[in-house]
Amino acid sequence: MKATVIGGGISGITTAYYLAKAEYKVTVVEKERYTGMVTSFANGSQLSASNAETWNSWSNVSKGLKWLFDETAPLRISAKPELAKIGWMARFLANIPNREKNTIETCRMALKAHDYYRAIADEEGVEFDRVEKGILHIYRKEKDLQHARQVNQLYKQAGLDRREVTAQEMYAIEPALQQSETAFVGGFYNEQDFTGDIHLFCRNLSKVLRHKYDVDFLKLPATIYDIDLWSDQGPVVICAGVESPVLAKAVGDKLPIYPVKGYSITLQDPVKAPWVSLLDDETKIVSARLGENRFRAAGTAEFAGKNYDIKHARIKPLLDWTQTLFPQMNTEYVTPWTGLRPMTPSMMPIVCQSKKNRNVFYNTGHGHLGRTLSAYTAKQIVDIIGKTQ
Ligand SMILES: Cc1cc2nc3c(=O)[nH]c(=O)nc-3n(C[C@H](O)[C@H](O)[C@H](O)COP(=O)(O)OP(=O)(O)OC[C@H]3O[C@@H](n4cnc5c(N)ncnc54)[C@H](O)[C@@H]3O)c2cc1C
């Protein structure tokens with residue numbers, strides 16, 4: 001049977017993979033010239049069950065309000081009135097009581113996805129600058145460390161083995177941190193998480209799909225397609241990131257996805273850069289080493305609509321963070337990037353059949369954890385499709 005995937009980011013490529021494994025004749029429709037060019041291009045590179053905590057909390061709301069007029073703040077909500085943003089925010093607040101349940105579920109999905117990604121990479125020989133050195137969360141303030149201890153109880157319930165470490169132990173785990181004069185109060189470390197380049201993964205898995213699984217790749221301009229034309233021939237899975245609501249609207253469905261902007265910098269030849277991936281909860285910045293030759297720092301969240309402008313005020317905190325923590329690191333060659341996280345108000349991905357067309361399915365809305373969760377949700381949507389055919 002034929003199946004069509006709309007979108008060639010991480011969610012689309014992993015969906016195409018599991019559809020091909022289930023013996024569908026798959027076509028991937030992508031508006032860009034190559035796969036993995038939009039949000040799945042230069043993200044934080046973490047496959048992180050330890051970043052599963054959903055953002056639905058009153059403390060994040062109060063931080064957002066406090067930072068309203070600070071251009072460089074980790075979380076920034078543009079004051080410009082926008083109906084989509086206001087509606088999304090209201091639903092975000094309504095999901096605060098679900099924070100613990102959704103955090104546990106996200107962590108559980110992430111751990112399963114880790115197994116699936118490792119299996120894909122090993123079975124198919126997909127190279128993506130994978131680094132298996134775990135993730136270290138770093139803290140400067142006792143109150144943040146205390147919060148991390150509470151979150152760790154949720155992660156434990158999901159099966160994540162993350163342990164508290166002293167500042168001295170942090171230096172032993174990642175010696176490059178000794179360059180910094182920053183005073184840490186402690187951290188949390190786990191070895192189950194890992195890192196790797198999302199774009200390389202999409203590109204190299206696409207090659208496997210094309211050559212081994214006979215998947216067709218179609219480049220079409222980003223107009224709204226006649227989805228009925230595809231769905232008459234077999235299942236269609238919409239994996240179009242922040243554009244998914246536009247396609248869903250053409251089907252008659254409504255998806256509550258808002259584009260939450262983030263930034264990254266990629267440094268070439270990063271002598272003296274750390275190898276262990278870091279997560280700094282206070283500044284909302286993550287880092288990863290991408291093989292010998294590249295280092296990436298990424299993060300911050302901006303609610304400012306669909307906008308791809310790269311602003312210096314948002315890039316500067318990433319460079320300052322890198323230079324403060326690693327003053328001996330080479331930061332001469334820096335490439336800035338921005339991307340839009342397809343975020344739902346509950347921060348849970350949308351993995352379901354359409355209400356209007358029984359041959360249309362969604363695997364989208366993965367927000368800040370799309371790289372981490374996609375392999376799991378891709379397998380899940382292919383199982384759902386299997387049950388409906
Ligand atoms: C700064 C930043 C850091 C991040 N760090 C991490 C991290 O460390 N770990 C993690 O797990 N996640 C991270 N994320 C989140 C993750 O990158 C995203 O959730 C993920 O890339 C989303 O993938 P996607 O396939 O859903 O969307 P996309 O990658 O945007 O793919 C959607 C594709 O659909 C295509 N498309 C859209 N409309 C159409 C159309 N009409 N026709 C055809 N094609 C169409 C687009 O061109 C695009 O290629 C980060 C995000 C950002 C912004």
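Suppose R0 equals 56 Å; then what is the FRET efficiency for His211 and Ser59 from their Cβ-Cβ distance, rounded to the nearest 0.05? Approximately 0.70, to the nearest 0.05. Taking a sphere under 13 Å around the Cβ of Arg99 and counting the other residues whose Cβ falls inside, with K and R at +1 and D and E at -1, yields a net charge of -2. Return a whole-number percent for the relative contact order of the chain, with Cα pairs under 8 Å and 6 or more residues apart as the contact set. Computed value for the chain: 27 percent relative contact order. Model label points for Thr182 and Glu169, set 7 angstrom from Cα along the Cα-to-Cβ axis, are 1.9 nm apart. Distant-in-sequence amide contacts of Phe217, defined by a placed amide H-H separation under 5 Å and a gap of 5 or more residues or a different chain, comprise Val28. Per-peptide packing, taken as the mean over residues of other Cβ atoms within 10 Å, places 206-214, 239-247 in the sequence 239-247, 206-214 from highest down. Can you give me the angle between helix 10-21 and the longest principal axis of the chain, using Cα atoms only, in degrees from 0 to 90, rounded to the nearest 10? Around 50 degrees separate the two axes. Beyond 22 Å in Cα-Cα separation lie the following of the pairs Lys21/Lys249; Lys2/Lys379; Lys101/Lys254; Lys31/Lys112; Lys133/Lys272; Lys272/Lys316: Lys21/Lys249; Lys101/Lys254; Lys31/Lys112. When you count the other C-beta atoms within 10 angstrom of each residue and take the mean per peptide, 100-106, 330-336, 66-72, 10-16 line up highest first as 10-16, 100-106, 330-336, 66-72. For Asn60, the shell of other residues with beta-carbons less than 12 Å away shows a net charge of +2, using +1 for Lys and Arg and -1 for Asp and Glu. Annotation: amide H of Lys25 within the under-5 Å range of Lys2, Ala3, sequence separation 5 or more or interchain, hydrogens built in the peptide plane. Each part gets one Cα centre, and for the range 1-52 versus the range 167-245 those centres are 8 Å apart. The order of the peptides 260-270, 215-225, 350-360 by mean Cβ neighbours within 10 Å, most packed first, is 260-270, 350-360, 215-225.
Fully extending the segment from Lys316 to Tyr333, taken as 0.36 nm per residue of separation minus the present Cα-Cα distance, adds 4.7 nm.
Bridgeable lysines around Lys66 (alpha carbons under 19 Å apart, same-chain partners fewer than 8 residues away excluded): Lys80, Lys85, Lys141, Lys143, Lys261, Lys284. Fully extending the segment from Asn293 to Glu82, taken as 0.36 nm per residue of separation minus the present Cα-Cα distance, adds 71.8 nm.
Compared with the dominant Cα axis of the chain, that is its longest principal axis, helix 312-325 is turned about 50°. Between the helical axis of 370-388 and the longest alpha-carbon principal axis of the chain there is an angle of about 30 degrees.
Over the chain, dividing the summed -39,500 (n - 2.57) contributions of all DSSP H runs of at least 4 residues by the number of residues returns a 222 nm mean residue ellipticity of -12000 deg cm²/dmol.
Summing +1 for each Lys or Arg and -1 for each Asp or Glu among the other residues whose beta-carbon sits under 13 angstrom from that of Leu136 gives -3. Cα centroids of the range 95-134 and the range 301-363: how far apart, whole angstrom? The range 95-134 and the range 301-363 have Cα centres spaced 18 Å from each other. Length available on full extension from Arg140 to Glu127: 0.36 nm per residue minus the Cα-Cα distance, which gives 1.1 nm.
We did not get these values from a lab; they are worked out from the coordinates using the rules stated. On a predicted model such as this, the values are computed, not experimentally measured, just so you know. Cβ sites come from the backbone with ideal geometry, for glycine too, and all protein chains shown count toward neighbours.
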